[in-house]
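Where a number appears in this text, it was derived from the coordinates with a stated rule and is not lab data. The model shown is predicted, which means the values in this text are computed figures rather than measured ones. Using ideal geometry, Cβ is built from the backbone for each residue, glycine included, and neighbour counts are taken over all protein chains shown.
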Amino acid sequence: MAAKAAEKGPGPPPVTAAWMNLTKNLIGAGIFSLPSGLKSGSVIPGLSAMITVCIFCSSSFILIAYLCKRLRCETYREVFCIAFGNRAGTLIDGFIFTNGFFACVAYTILVADFLQKAAEGLLGVVPNRIMLIAGNTSCFMLPLSHAKDLSALRYTSMMGLVIIAFVFMFIVSDCWKSEDAPSNLKAHAAHLNMGIFRTVALCTGAFQAHYNAPRIFKQLHGDLQAHAQTVLASFSTAFTVYSLFAVSGLGLFGDKLLGNVLRNYDPDNTAIMMVWFGMAFAIIFTYPLVFTAARESLVGSQPFLQEALRRQPLFAHVAITCTMVCLISSVACCVEDVSKVTGTLGAVVGSSLCWICPSSVYLKLSRKGQSGLSMPLNGKALLPYNGPLSVYTSLLILVGSISIVVGVHAVWSN
């Protein structure tokens with residue numbers, strides 16, 4: 001019986017499970033900044049930018065799986081190293097560390113937002129933001145970041161998704177009932193200026209989960225067609241949720257819209273009070289999951305940190321963790337608008353990991369193979385040349401490069 005089971009193989013790819021996993025990775029706390037992004041680009045150009053970013057990001061997500069299949073790789077880092085050498089892996093580690101570090105900064109800002117608004121509703125006073133961040137860091141973020149077993153925290157990240165689903169339905173229904181929504185949307189229907197690059201930056205960050213592409217591909221047993229179906233379903237779901245949420249937030253608050261849409265609500269609403277506390281709780285317990293990945297990327301890219309952990313594991317672990325958490329909280333004290341952090345991440349890290357890096361790998365490895373021959377590189381085959389794909393990946397590199405330069409300026413000049 002065992003021999004027959006082995007002959008049958010692993011069975012059909014679990015597309016539904018992979019769709020849920022990828023969708024969970026895509027839809028997160030970054031959604032709260034999207035209404036602000038749509039306001040910068042206006043409704044029609046902004047939604048056009050959002051769907052364009054969605055197409056670019058989904059296609060590059062499939063491209064990464066294609067590269068993994070052709071090059072027999074299992075990680076994003078390995079794909080990049082085959083094209084540009086082992087030292088280039090440090091660049092990918094740097095991007096993943098930067099993404100995790102500033103995602104934790106965004107989490108810290110959001111927790112301060114939610115607790116500040118909740119305290120205003122319960123106590124009638126607005127606590128000092130810096131003191132709030134310091135207290136949250138000392139009582140929650142720092143102790144949780146030292147934990148070695150984080151398996152129990154996965155349930156809190158699921159709780160965060162449930163709360164986000166509630167927030168989505170709450171804001172969409174609130175917009176549907178609002179008398180001001182039509183006039184607000186009409187006032188921001190269509191104008192085109194540099195704000196569109198802020199929209200692109202925030203959308204890129206929202207659609208970014210590309211360092212997980214090899215893991216999703218592996219979950220689907222290396223089936224490229226199943227991977228493409230999963231990506232299409234997940235990114236379509238994310239676009240539907242993002243676009244409805246962004247339009248609803250803009251319709252509700254118009255010109256008064258803030259970088260975190262939930263800050264626009266008054267603290268006299270019981271439902272929104274529950275959301276603030278729930279989101280603060282969920283983010284506090286999701287923070288260590290993201291923080292640990294960032295810390296591991298930092299340690300993996302720095303030999304001296306690896307040596308320190310080998311010689312004095314406890315001291316080095318405590319020192320690295322405390323330093324990173326304190327730096328994260330210090331940055332969060334200096335930036336009050338979470339959309340500036342998420343927008344910068346989208347413009348720099350998102351453009352690099354989603355568009356520039358995978359496209360560069362394809363162009364580098366297909367250039368030598370234009371004759372159609374399979375040429376070895378470190379024992380692995382080069383990629384076949386494809387004219388339209390080369391043009392498309394060149395376009396992605398161009399768009400990504402422009403987004404880095406112009407997007408960062410647009411985010412911080414808003």
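For the peptides 39-51, 384-396, residues were scored by their other Cβ atoms within 10 Å and the scores averaged per peptide; the highest-first order is 39-51, 384-396. Quick check: the distance between the Cα centres of the range 111-160 and the range 301-343, to the nearest angstrom? If we compute the Cα centre of each part, the gap is 18 Å.
Computed from phi, the 3J(HN,Hα) profile of the range 307-324 under the Karplus parametrisation 6.51, -1.76, 1.60 (θ = phi - 60°) reads 5, 5, 5, 6, 7, 10, x, 5, 4, 5, 4, 5, 5, 5, 5, 4, 5, 5 Hz, with x in place of Gly and Pro. Overall shape of the range 1-141 was characterised from the C-alpha gyration tensor. The equivalent ellipsoid obtained from it has semi-axes of 39, 22, 20 Å, in decreasing order. Each of the peptides 20-27, 211-218 was scored by the mean count of other Cβ atoms within 10 Å over its residues; in descending order, highest first, they stand as 211-218, 20-27. Here the range 168-188 is scanned for amide nitrogen atoms under 19 Å from the site 7 Å beyond the Cα of K256 along Cα-to-Cβ, giving 170-188.
Of the residues A280, A106, A134, the one that moves most in a GNM of the chain with alpha-carbon contacts below 10 Å is A134. Report summary: the helix-based calculation at 222 nm, which adds -39500 (n - 2.57) for every DSSP H run with n ≥ 4 and divides by the residues of the chain, gives -24000 deg cm²/dmol. If you average the C-alpha positions of the range 175-228 and of the range 242-290 separately, how far apart do those two centres end up, in angstrom? The distance from the Cα centre of the range 175-228 to that of the range 242-290 comes to 17 Å. In order along the range 167-172, the Karplus-derived 3J(HN,Hα) couplings, from 6.51 cos²θ - 1.76 cosθ + 1.60 at θ = phi - 60°, round to 4, 4, 5, 5, 6, 5 Hz, and Gly and Pro are given as x.
Take each peptide in 253-262, 162-171, 96-105, count the other Cβ atoms within 10 Å of every residue, and average; sorted highest first, the result is 96-105, 253-262, 162-171. Sequence-ordered 3J(HN,Hα) estimates for the range 127-143 from the Karplus curve with 6.51, -1.76 and 1.60 and θ = phi - 60° stand at x, 4, 5, 5, 5, 5, 5, 4, x, 5, 5, 5, 8, 10, 4, 5, x Hz, glycine and proline given as x. Among the listed pairs K39/K364; K24/K117; K117/K177; K24/K186; K69/K340; K218/K364, those with a Cα-Cα distance over 29 Å are K39/K364; K24/K186; K69/K340. A compact globular protein would have a Cα radius of gyration near 2.2 N^0.38 Å; the ratio found for the chain is 1.02. Under a Gaussian network description of the chain, with springs only between Cα atoms under 10 Å, the residue in H210, H188, H227 that fluctuates furthest is H188.
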